[in-house]
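Asks: Pasting a structure below so you can have a look.
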Amino acid sequence: MNKLAIEALVSSEKDAELRSIGEKVFQNQRLIFDEGVVLFEKAPLAYVGALANFIREKLHGNKTYFNRNFHIEPTNVCVFSCNFCSYSRLYAHRDEGWELNKDQMMHIIEKYDGKPVTEVHIVGGVHPKMNLYFFEDLLKSIKAHRPELHIKGFTAVELDYMFRKAKLSVEEGMQLLHDAGLDSLPGGGAEIFHPEIREQICADKVDAEGWLHIHKAAHNIGMHTNATMLFGHIEKYWHRIDHIERLRQLQDETQGFNTFIPLKFRNRNNDMSHVSESSLIEDMKTYAVARLYLDNFPHLKAYWPMLGRQNAQLSLAFGVNDLDGTIDDTTKIYSMAGSEEQNPALSTAQLVALIKQVKREPVERDTLYNVIKNYAEDDVHELEANPYYN
Ligand code: V47
Ligand code: SF4
């Protein structure tokens with residue numbers, strides 16, 4: 001859609017404020033806090049979506065990235081008690097808790113020997129006994145076994161706990177894990193930064209300053225990281241803007257973030273089951289506003305297991321340019337919270353087909369967005385018949 005067609009989506013007299021925000025987007029000017037809130041409160045979905053798509057296509061054209069990865073979840077036991085979490089098994093349902101030892105985790109790594117995966121994503125609960133040195137040893141063993149496999153692991157929540165227990169500074173702890181083989185950090189644990197909300201949903205874990213400190217320390221030693229936001233529960237629009245404003249400020253300093261991942265709150269099996277979930281319109285608006293506000297983030301990711309396949313396809317018209325990975329196993333944190341996908345797994349051929357169906361260009365990437373293969377010219381039926389892509 002061109003500029004004129006986008007402008008025609010709002011009236012020039014009634015919606016002068018929205019028109020002027022649109023003009024800033026076209027002129028490449030940074031939006032300010034209040035403009036972000038106005039977009040949430042007043043902009044029609046079609047307008048904010050078209051503006052976000054304009055930016056998405058300016059940055060990436062039709063390219064839609066994914067990677068071939070798998071997950072290891074060391075444990076679902078967690079010392080914290082976030083109210084939105086359907087996963088933690090320390091106090092309630094103790095009998096359903098699990099913890100993997102190093103051999104069991106190495107067994108998962110070995111299962112992927114010879115398979116064309118580029119990343120392992122390690123994330124789980126915060127187990128009181130799995131300490132920094134346990135994970136240092138695990139990282140070293142993974143790298144010794146498969147040096148080129150990118151290890152993206154541990155949320156700032158897990159790291160904060162490990163470093164404090166080991167009595168190391170954030171900088172010392174980060175360097176130790178990086179030296180052992182940790183390549184980048186996932187974006188989890190950010191939730192909503194503002195204390196007014198954080199105190200109500202996850203009072204006992206690392207606060208905003210702590211989360212940002214950990215990511216900054218990673219950026220300062222050359223690591224890249226992601227950032228998430230858990231939205232659609234008790235927060236107001238301005239809390240979402242406050243959250244992304246803090247991320248934008250750190251990114252100005254370090255340029256260490258790769259991608260922003262809004263995570264829609266799901267209300268099954270947790271202490272916030274009475275809070276209703278956001279609508280699809282709200283979800284798409286959140287992607288779009290994030291794309292417009294985070295002008296210094298290269299990528300915006302929709303986590304398809306959480307959204308469902310069709311809604312993930314839709315998000316590609318609202319600023320999203322990345323669909324995460326093929327996620328070859330059991331990401332239990334979402335299925336337990338009521339995500340669309342109970343068994344999240346898509347083959348490469350299926351993910352390529354999903355992206356092509358909505359006329360975008362599937363591009364396989366590694367964790368740092370180096371292109372591994374562009375599938376624009378590939379025939380989906382041929383891919384489906386080829387075991388390498390299944
Ligand atoms: O921080 C927990 C979220 C996150 C619920 O960096 C929930 O590539 C919705 O951060 N409803 C952890 N969300 C996972 C994460 C992640 C996922 C995929 C990719 C990347 C990446 C990072 O899961 C937590 C929390 O925000 N979460 N419970 C729930 N009920
Ligand atoms: Fe623990 Fe993470 Fe669940 Fe919070 S969201 S209780 S930190 S597993």
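The values are calculated or read from the model by the stated rules, or taken from the named source; none is laboratory data. Quick caveat: nothing in here was measured; it's all calculated off a predicted structure. No Cβ is skipped: glycine too gets one built from the backbone with ideal geometry, and neighbour counts run over all protein chains shown. Keep in mind that these areas ignore ligands, DNA and RNA; they rest on the heavy atoms of the full protein, side chains included. Shrake-Rupley method; radii C 1.70, N 1.55, O 1.52, S 1.80 Å.
Asks: From the list Pro298, Pro305, pick out the single residue that is closer than 25 Å to Phe70 by Cβ, in the same structural domain as Asn220 (by TED's automatic domain parsing), touching a helix residue (DSSP H, G or I) at 6+ places or on another chain (Cβ under 9 Å) and near ligand 1 (Cβ under 10 Å from one of its atoms).
Replies: Pro305
Asks: When you check Phe40 against the structure, is it under 23 Å from Ile192 (Cβ atoms), more than 16 Å from ligand 1 (Cβ to nearest atom) and open to solvent by less than 30 Å² (accessible area, probe 1.4 Å), yes or no?
Replies: Values: under 23 Å from Ile192 (Cβ atoms): yes; more than 16 Å from ligand 1 (Cβ to nearest atom): yes; open to solvent by less than 30 Å² (accessible area, probe 1.4 Å): yes.
In short, yes.
Asks: Picking from Tyr287, Tyr293, Tyr303, Tyr237, which residue would you name as being at pLDDT 95 or above, in contact with an Asp or Glu (Cβ under 8 Å, 6 or more places away or on another chain) and under 25 Å from Asn83 (Cα atoms)?
Replies: Every option except Tyr237 fails the conditions.
Asks: Regarding Val37, is this residue over 29 Å from Tyr369 (Cβ atoms) and at pLDDT 95 or above?
Replies: yes
Asks: For the range 139-154, which residues satisfy the criterion of being within 16 Å of ligand 2 (Cβ to nearest atom) and under 21 Å from Gln255 (Cβ atoms)? First the steps, then the outcome.
Replies: Filtering the range 139-154 for residues within 16 Å of ligand 2 (Cβ to nearest atom) gives 153-154.
Matches in the range 139-154: none.
Asks: Cβ-Cβ under 7 Å, sequence separation 6+ or interchain: first residue in the range 114-125 and assigned by TED's automatic domain parsing to the domain that holds Asp366, partner near ligand 1 (Cβ under 9 Å from one of its atoms) and among the aromatic types (Phe, Trp, Tyr). Which pairs?
Replies: Gly125/Tyr87
Asks: Quick one: which of Glu96, Glu119, Glu35 is surrounded by fewer than 15 Cβ atoms within 10 Å (Cβ to Cβ) and acidic (Asp, Glu)?
Replies: Of Glu96, Glu119, Glu35, the one residue that is surrounded by fewer than 15 Cβ atoms within 10 Å (Cβ to Cβ) and acidic (Asp, Glu) is Glu96.
Asks: Here's a follow-up. Restricting the range 155-176 to residues that are within 16 Å of ligand 2 (Cβ to nearest atom) and aliphatic (A, V, I, L, M), which is surrounded by the most Cβ atoms within 10 Å (Cβ to Cβ)?
Replies: Leu159
Asks: Has the range 105-120 got any residue that is within 30 Å of Gly232 (Cβ to Cβ) and within 16 Å of ligand 2 (Cβ to nearest atom)?
Replies: The first filter runs over the range 105-120 and keeps only residues within 30 Å of Gly232 (Cβ to Cβ), leaving 119-120.
With the extra rule that they be within 16 Å of ligand 2 (Cβ to nearest atom), the set shrinks to none.
No.
Asks: Quick check, is His224 open to solvent by 10 Å² or more (accessible area, probe 1.4 Å), touching a Phe, Trp or Tyr at 6+ places or on another chain (Cβ under 8 Å), at pLDDT 95 or above and within 17 Å of Val123 (Cα to Cα)?
Replies: So His224 passes the test.
Asks: Next up: Looking only at the range 227-237, which residues are crowded, with 21+ Cβ neighbours inside 10 Å and either within 15 Å of ligand 2 (Cβ to nearest atom) or more than 17 Å from the chain's Cα centre (by Cα) (or both)?
Replies: Matches in the range 227-237: Thr228, Met229, Leu230, Phe231, His233, Glu235.
Asks: Please verify whether Glu57 is among the acidic types (Asp, Glu), surrounded by fewer than 17 Cβ atoms within 10 Å (Cβ to Cβ) and within 22 Å of Leu314 (Cβ to Cβ), treating the condition exactly as stated.
Replies: Yes, satisfied.
Asks: Pull up the range 270-307, narrow it to residues that are under 20 Å from Asp242 (Cβ atoms) and in contact with a Pro (Cβ under 7 Å, 6 or more places away or on another chain), then point me to the one that is surrounded by the most Cβ atoms within 10 Å (Cβ to Cβ).
Replies: Here the answer is Tyr287.
Asks: In the range 240-283, what residues are of a type in the set (S, T, N, Q) and either on the phi < 0 side of the Ramachandran plot or within 10 Å of ligand 1 (Cβ to nearest atom) (or both)?
Replies: Gln249, Gln251, Thr254, Asn258, Thr259, Asn267, Asn269, Asn270, Ser273, Ser276, Ser278, Ser279
Asks: Taking Cys78, is it farther than 24 Å from Thr326 by Cα, assigned by TED's automatic domain parsing to the domain that holds Tyr369, open to solvent by less than 60 Å² (accessible area, probe 1.4 Å) and touching a Ser or Thr at 6+ places or on another chain (Cβ under 6 Å)?
Replies: For Cys78, the condition - farther than 24 Å from Thr326 by Cα, assigned by TED's automatic domain parsing to the domain that holds Tyr369, open to solvent by less than 60 Å² (accessible area, probe 1.4 Å) and touching a Ser or Thr at 6+ places or on another chain (Cβ under 6 Å) - is met.
Residue by residue, here is whether (1) under 30 Å from Val275 (Cα atoms); (2) part of a helix (DSSP H, G or I); (3) touching an Asp or Glu at 6+ places or on another chain (Cβ under 8 Å) holds:
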| site | (1), (2), (3) |
| --- | --- |
| Leu168 | no, no, no |
| Gly189 | yes, no, yes |
| Ala203 | yes, no, no |
| Leu212 | yes, yes, no |
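Asks: Taking the condition in contact (Cβ under 8 Å) with a residue 12 or more places away in the chain and touching a helix residue (DSSP H, G or I) at 6+ places or on another chain (Cβ under 9 Å), does Glu73 pass?
Replies: yes
Asks: Applying the selection to the range 183-204, what residues are within 12 Å of ligand 2 (Cβ to nearest atom) and either open to solvent by 60 Å² or more (accessible area, probe 1.4 Å) or of a type in the set (Ser, Thr, Tyr) (or both)?
Replies: The answer is Ala203, Asp204.
Asks: Checking Lys152 against (1) more than 27 Å from Ile234 (Cα to Cα); (2) charged (D, E, K, R); (3) within 11 Å of ligand 1 (Cβ to nearest atom); (4) open to solvent by 20 Å² or more (accessible area, probe 1.4 Å), only one condition comes out false. Which one?
Replies: (4)
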